[in-house]
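> Take a look at this one; I'll ask things after.
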Amino acid sequence: MSTAARTRKDTVETDVLVVGAGLAGLHVATLLARRGHDVLLAERRTDLAGAIRTTGIFVRKTLDDFPLPDEHLGPPIRRVVLYPPDLRLPVSLVSDRDEFRVGDMAPLYEAAATAAVEAGVRPALGTRYAGREGDTYRLVGRDGPTEVRARFVVGADGARSSVARDLGLDRNRRLLVGAEEVFEVPANGEPPTFHCVLDPSLAPGYLAWVVNDGRHAHVGVAGYADRFPRGLRRAMEGFSASAPGLAGVNRPESVERRGGPIPVGGVLRRIACPDGLLVGDAAGAVSPLTAGGLDPCLRLSELAASVLDAALRSGGADPLAHYSGATLRAQFRGRLTLRRGLAHLRTPAAATAAFAVLRTPLGRAAAARVLFGDRSFPDPSPAGQRLVSRSSSGAGTRSGWSASTRTRP
């Protein structure tokens, strides 16, 4: 494969330009570099440990399939407690398996970035994507503007992707906005627990949460931006003052604050074209119901790397036709239906009535299936699976963190 070369003072050539160094962008960049391709990774942040937007919840299937650094993961969580608006008579669900672990995202990003550089990825931190002009892409960094000629571009630039706009691909229209506070907590002898409050007056169209794993607390609220009665900031302030799961915990004066948009419309239909593709939030690769996005971002990035590898080796863009959001979206029908139901739950009275169903054996079983199920993200299409099989054989490891990995049959 070609190596990057300056053709003019302000022009760079590369096989693949990846825009965005979240987990999705880092993962696809690393996989492509390990397969011998030149990859330029542009990220507007100057420090990957800053401006973190995700809670960092990894589900069991991700932990089974990707060898994440154990030292950067919190204790396993098996218990989820669901609360009605008045917080009375909650529904407690306990799995017989470890279901969740919360990642310490700053060192996880740094570990993934180190693996990317070791694989040969050329990172450009502090560099903003400034749009497409004909057959070139404009980047603006600390040393001024640069033109990039890339065979393909990967949009890993978040829920409001500029790359999607410039490639003429689908863009997220259904978005939540969320805010979260993160701080250390002392061990209290209680089992690590994920607390979820369903209250449309507090978190319209979604929920408020506390994840207390005995090391850190994540306290957050998310919902539809135009439906917060007093705005997201006031909702966050009110919830953090009385959130469940923090009995005996003194909230420190200084906390880490996170926030941002969350796509919940499901995987977008058109996420690839002859010039490139989308991954992660840019592709809508987030569970429509639970809003979990770390597992989808890693899985979709693997498929993206496989089709791009096939395209670069063949010299044509035909393999990108197998990167179909419509195919993946078809497997999300159930969760999309439940998402519409949750979006229409507009009053505390309606949420309280829903708990009457959740407390039944059938309701508890349905909730456990959503929270503890294995289908956090659908499998690739048969055509995509064949591409994965062909392009990954003998092409190095899958993970962006380690030289070994575990895969499922």
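> Please compute the per residue accessible area over the chain with all protein chains in place, 1.4 Å probe, rounded to a whole number of Å².
Details: 17880 Å² over 409 residues.
I get 44 Å² per residue for this part.
> Can you give the accessible area of Glu118 in Å² (nearest 10), computed on protein heavy atoms with a 1.4 Å probe?
Counting only protein heavy atoms, Glu118 exposes about 150 Å² to solvent.
> Follow-up question, since we're still on this one. Per residue, how big is the convex hull of the range 96-228 when only Cα atoms are used? Give it in Å³. If you can, show how the numbers build up before the last one.
Values: hull volume 26.6 nm³, N = 133.
Considering the Cα atoms of the range 96-228, their hull volume per residue is 200 Å³.
> At 7 Å along the Cα-to-beta-carbon direction for both Glu71 and Ala350, put a label point, then send me their distance in nm to one decimal.
Those two pseudo-labels are separated by 4.9 nm.
> Sticking with the crude label model, points 7 Å out along Cα→Cβ, report the distance from Ala326 to Thr360 in nm, one decimal please.
3.8 nm
> Something else now. Can you give me the P(r) profile for the range 106-173? Cα pairs, bins 10 angstrom wide beginning at 0, each as a whole percent.
Pairs per bin, as whole percents: 17, 42, 35, 5.
> Sticking with this one: For the pair Leu89 and Arg333, what calculated FRET efficiency results from E = 1/(1 + (r/R0)^6), where r is the Cβ-Cβ distance and R0 = 35 Å, to the nearest 0.05? Before the final figure, lay out the partial values.
Numbers: r = 32 Å, r/R0 = 0.91.
Result of the calculation: an efficiency of 0.65.
> I would also like to ask the following. For the chain, what is the charge dipole size about the Cα centre, in debye to the nearest 20, if Lys and Arg each add +1 at the Cβ and Asp and Glu each add -1 at the Cβ?
Details: 54 positive and 42 negative charges, 258 e Å.
It works out to roughly 1240 debye.
> Here's something else I'd like to know. Select from Arg251, Arg160, Arg171 the residue whose mean-square fluctuation is largest in a Gaussian network model of the chain (Cα-Cα springs shorter than 10 Å).
Arg251
> Given a cut-off of under 8 Å on Cα pairs at least six residues apart, what relative contact order in percent is computed for the chain?
Relative contact order comes out at 20 percent.
> With a Förster radius of 22 Å, plug the Cβ-Cβ distance of Asp64 and Asn188 into 1/(1 + (r/R0)^6) and report the FRET value to the nearest 0.05.
Values: r = 29 Å, r/R0 = 1.31.
The value I calculate is 0.15.
> Taking θ as phi - 60°, what are the ³J(HN,Hα) couplings along the range 246-256 by the Karplus curve (6.51, -1.76, 1.60), each to the nearest whole Hz, with x for Gly and Pro?
Using θ = phi - 60°, the values come out as 10, 4, x, 9, 8, 5, x, 5, 9, 10, 7 Hz.
> Dipole magnitude of the range 227-283 about its Cα centre, charges +1 at Lys/Arg Cβ and -1 at Asp/Glu Cβ only, in debye to the nearest 20? Intermediate values should be presented prior to the final figure.
Details: 9 positive and 5 negative charges, 58 e Å.
Value, rounded to 20: 280 debye.
> Something else about it: Round to the nearest 10 and give me the degree value, 0 to 90, for the angle of helix 361-372's Cα axis relative to the longest principal axis of the chain.
Its long axis makes an angle of about 30 degrees.
> Taking 0.36 nm per residue of separation and subtracting the Cα-Cα distance, what length does fully extending Arg79 through Arg230 add? Please report the intermediate quantities before stating the final value.
Details: separation 151, 0.36 × 151 = 54.36 nm, distance 3.14 nm.
Stretched fully, the Arg79-Arg230 segment lengthens by 51.2 nm.
> Taking the 0 to 90 degree range and rounding to the nearest ten, how far is the long axis of helix 294-314 tilted relative to the main principal axis of the chain, both from C-alpha atoms?
10 degrees
> Still on this model: If each of Glu237 and Glu118 carries a label point 7 Å out from its Cα toward its Cβ, how far apart are those two points in nm?
Result for the modelled spin labels: 4.6 nm.
> Could you report the accessible area of Cys196 in Å², rounded to 10, computed with a 1.4 Å probe on the protein chains as they sit in the structure?
For Cys196, the solvent-accessible surface is approximately 10 Å².
> While we're looking at this one, here's another question. Would you mind checking the range 33-66 for residues with the amide N under 20 Å from a putative spin-label position 7 Å along Cα→C-beta of Arg142?
40-52
> Determine Rg/Rh for the range 26-77; Rg is computed over alpha-carbon atoms and Rh is the Kirkwood hydrodynamic estimate from the same atoms.
Details: Rg = 14.1 Å, Rh = 13.8 Å.
A ratio of 1.03.
> Largest first, what is the accessible-area ranking of His72, His344 with a 1.4 Å probe?
On the way: His72 40, His344 140 Å².
Ranked from most to least accessible, the order is His344, His72.
> On a C-alpha basis, how far is the centre of the range 335-360 from the centre of the range 306-327 in Å? Whole number, if you could?
For the range 335-360 versus the range 306-327, the Cα centre distance is 40 Å.
> If you plug each phi of the range 34-49 into the Karplus form 6.51 cos²θ - 1.76 cosθ + 1.60 with θ = phi - 60°, what whole-Hz ³J(HN,Hα) values come out, in order, with x for Gly and Pro?
For the range 34-49, the Karplus-derived couplings read 5, 9, x, 9, 7, 10, 10, 10, 9, 9, 6, 6, 8, 9, 5, 7 Hz, x marking Gly and Pro.
> Report the one residue of Leu246, Ser161, Ala112 whose Cα lies farthest in the direction of the positive end of the charge dipole of the chain (charges on C-beta: Lys and Arg +1, Asp and Glu -1; origin at the Cα centre).
Ser161
> With each run of n ≥ 4 DSSP H residues scored as -39500 (n - 2.57), what mean residue ellipticity at 222 nm is computed for the chain after dividing by its residue count and rounding to the nearest 500 deg cm²/dmol?
Values: 11 runs with 121 residues, N = 409.
Computed mean residue ellipticity for the chain: -9000 deg cm²/dmol.
> Distance from the Cα centre of the range 42-94 to that of the range 235-298, in angstrom?
One Cα centre to the other: 10 Å.
> Quick one: angle between helix 333-343 and the longest Cα principal axis of the chain, in degrees between 0 and 90, rounded to 10, please.
For helix 333-343, the angle is close to 50 degrees.
The values are calculated or read from the model by the stated rules, or taken from the named source; none is laboratory data. Computed from a predicted model, the values in this text were never measured in an experiment. A quick note on method: Cβ atoms are made from the backbone with ideal geometry, for glycine too, and the neighbour counts reach across all protein chains shown. Accessible surface is based on the protein model in full, side chains and every heavy atom, while ligands, DNA and RNA are left aside. Shrake-Rupley method; radii C 1.70, N 1.55, O 1.52, S 1.80 Å.
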